[in-house]
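Engineer: The structure under discussion is supplied below as structure tokens; questions concerning it will follow.
The values are calculated or read from the model by the stated rules, or taken from the named source; none is laboratory data. Since the model is a prediction, treat every value here as computed from it, not as a measurement. Counting neighbours? That spans all protein chains shown, and the Cβs are built from the backbone with ideal geometry, glycine included. The area values use the complete protein model at the heavy-atom level, side chains included, leaving out ligands, DNA and RNA. Shrake-Rupley method; radii C 1.70, N 1.55, O 1.52, S 1.80 Å.
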Amino acid sequence: MPETPANALAAHMRTDPDTVERDLMKLVLTIVELLRQLMERTAIHRVDQGDLDDDQEERIGMTLMILQERMEELCERYNLTMDELNLDLGPLGSLLPRDL
């Protein structure tokens, strides 16, 4: 039987009950990382445009640094790497940019 996209997806999915929590956390962290990167790009754009005062720049910078630290802590807790959060979208490339 030829492999269809559904069969390929099923082959890549783990259905072991012991991995459900880790896999769910991986999905959640992937979404959070995508949003963090979008927020970071928006903040950089606003800084470049001069839309923020020094205090706002400092607060945004600290918030993004804290979020990055928490992401790393959660990845460590669930035995994930930041690279594992990057989903391969096939011909579209990866979900998250490799380098900002």
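Engineer: How about the stretch 27-55: which of its residues are open to solvent by less than 60 Å² (accessible area, probe 1.4 Å) and closer than 27 Å to Leu89 by Cβ?
Structural biologist: If the condition is that a residue be open to solvent by less than 60 Å² (accessible area, probe 1.4 Å) and closer than 27 Å to Leu89 by Cβ, then Leu29, Thr30, Val32, Glu33, Leu34, Arg36, Gln37, Glu40, Ala43 are the ones that fit.
Engineer: Might you let me know whether the stretch 72-79 holds any residue that is in a strand (DSSP E or B) and either under 30 Å from Asp18 (Cα atoms) or touching a residue at least 40 places away in the same chain (Cβ under 8 Å) (or both)?
Structural biologist: no
Engineer: Enumerate the pairs (first residue in the stretch 23-48 and part of a helix (DSSP H, G or I); second residue anywhere and open to solvent by 90 Å² or more (accessible area, probe 1.4 Å) and of a type outside the set (A, V, I, L, M)) with beta-carbon separation below 8 Å, excluding pairs fewer than 6 apart on the same chain, so at least 6 apart or on different chains.
Structural biologist: These pairs meet every condition: Asp23/Arg14.
Engineer: Across the stretch 56-94, what is the total count of residues that are more than 20 Å from Ile31 (Cβ to Cβ), open to solvent by 90 Å² or more (accessible area, probe 1.4 Å) and among the charged types (D, E, K, R)?
Structural biologist: 2
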